[in-house]
1. State whether one or more residues within the range 49-56 are touching a strand residue (DSSP E or B) at 6+ places or on another chain (Cβ under 9 Å), open to solvent by less than 40 Å² (accessible area, probe 1.4 Å), over 24 Å from S129 (Cβ atoms) and not basic (K, R).
2. Can you name the number of the only condition in (1) of a type in the set (A, V, I, L, M, F, W, C); (2) within 15 Å of T136 (Cβ to Cβ); (3) in a helix (DSSP H, G or I) that V94 fails?
3. Does R85 satisfy the criteria of being exposed (fewer than 15 other Cβ atoms within 10 Å of the Cβ), at negative phi and touching a residue at least 40 places away in the same chain (Cβ under 8 Å)?
4. Report whether or not E88 is outside any helix (DSSP H, G or I), modelled with pLDDT of 90 or more, touching a Lys or Arg at 6+ places or on another chain (Cβ under 7 Å) and not β-branched (V, I, T).
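The values are calculated or read from the model by the stated rules, or taken from the named source; none is laboratory data. Just so you know, these numbers come straight off a predicted model, no measurement behind them. In this analysis, Cβ positions are derived from the backbone assuming ideal geometry, glycine residues included, and neighbour counts consider all displayed protein chains. Accessible surface areas use protein heavy atoms only, side chains included; no ligands, DNA or RNA. Shrake-Rupley method; radii C 1.70, N 1.55, O 1.52, S 1.80 Å.
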Amino acid sequence: MRSKKIFPMLLLALCLATSALSQSKPASPRATVQSFFNLLKSQKYDALYEFLPSDLQRQTSREQFAMSLKRLDGFLLIEKLEVGRVQERNEFAVVDTTIYGRLKQPMKINAEEIQEGRVSVQQFLFRESGAWKLATADNRSQSFFLKRNPDFEKQFQLSRPKFEFRQNGRWTAMGPRRQ
């Protein structure tokens, strides 16, 4: 009689554990980027370390990585993420994203106060030990990844990051003004 009660409880526990495992290792590049962003937005910096490839983890400690993200949080409030096109080829993927944020301390550009910004940037991913890993945590990690995978750029349509700020109700690109 007792084993009849224990079996359903074990089955339920197994289902919950499997569900938790599948949530901790997103199955698609899109889901991986979305999970990373959700953790970033909720300031769970330690958990983000697991999204880095093992090569980058060997170069940067969990504490160093968390500290760099905390510094970012000191001046920027990340508000939302838009996920666009996903390009996937075998063990590699590129996900187009636009990240919106608000400066905690407004800054002046061309004598106008700027509070909002967005960056359109591609996230590079690859599979490692069955999980999608982000290779674009920063410019250094992206450069490191591209040097180690020279054919990557030939497989995908890549674009440079685009930084913009809201000025007079319109998005304006950052960078030199064209005459």
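1. Within the range 49-56, none of the residues are touching a strand residue (DSSP E or B) at 6+ places or on another chain (Cβ under 9 Å), open to solvent by less than 40 Å² (accessible area, probe 1.4 Å), over 24 Å from S129 (Cβ atoms) and not basic (K, R).
2. Answer for V94: the failing condition is (3).
3. Numbers: exposed (fewer than 15 other Cβ atoms within 10 Å of the Cβ): yes; at negative phi: yes; touching a residue at least 40 places away in the same chain (Cβ under 8 Å): no.
For R85, the condition - exposed (fewer than 15 other Cβ atoms within 10 Å of the Cβ), at negative phi and touching a residue at least 40 places away in the same chain (Cβ under 8 Å) - is not met.
4. Numbers: outside any helix (DSSP H, G or I): yes; modelled with pLDDT of 90 or more: yes; touching a Lys or Arg at 6+ places or on another chain (Cβ under 7 Å): no; not β-branched (V, I, T): yes.
It is false that E88 is outside any helix (DSSP H, G or I), modelled with pLDDT of 90 or more, touching a Lys or Arg at 6+ places or on another chain (Cβ under 7 Å) and not β-branched (V, I, T).
Condition check ((1) in a strand (DSSP E or B); (2) charged (D, E, K, R)) across all residues:
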residue	(1), (2)
I114	yes, no
S120	yes, no
R127	yes, yes
S141	no, no
P150	no, no
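Let's see how each residue does on (1) open to solvent by less than 20 Å² (accessible area, probe 1.4 Å); (2) within 22 Å of A31 (Cβ to Cβ):
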{"position": "Q115", "(1), (2)": "no, no"}
{"position": "S120", "(1), (2)": "no, yes"}
{"position": "R127", "(1), (2)": "no, yes"}
{"position": "F144", "(1), (2)": "no, no"}
{"position": "E153", "(1), (2)": "no, no"}
{"position": "Q157", "(1), (2)": "no, yes"}
{"position": "E164", "(1), (2)": "yes, no"}
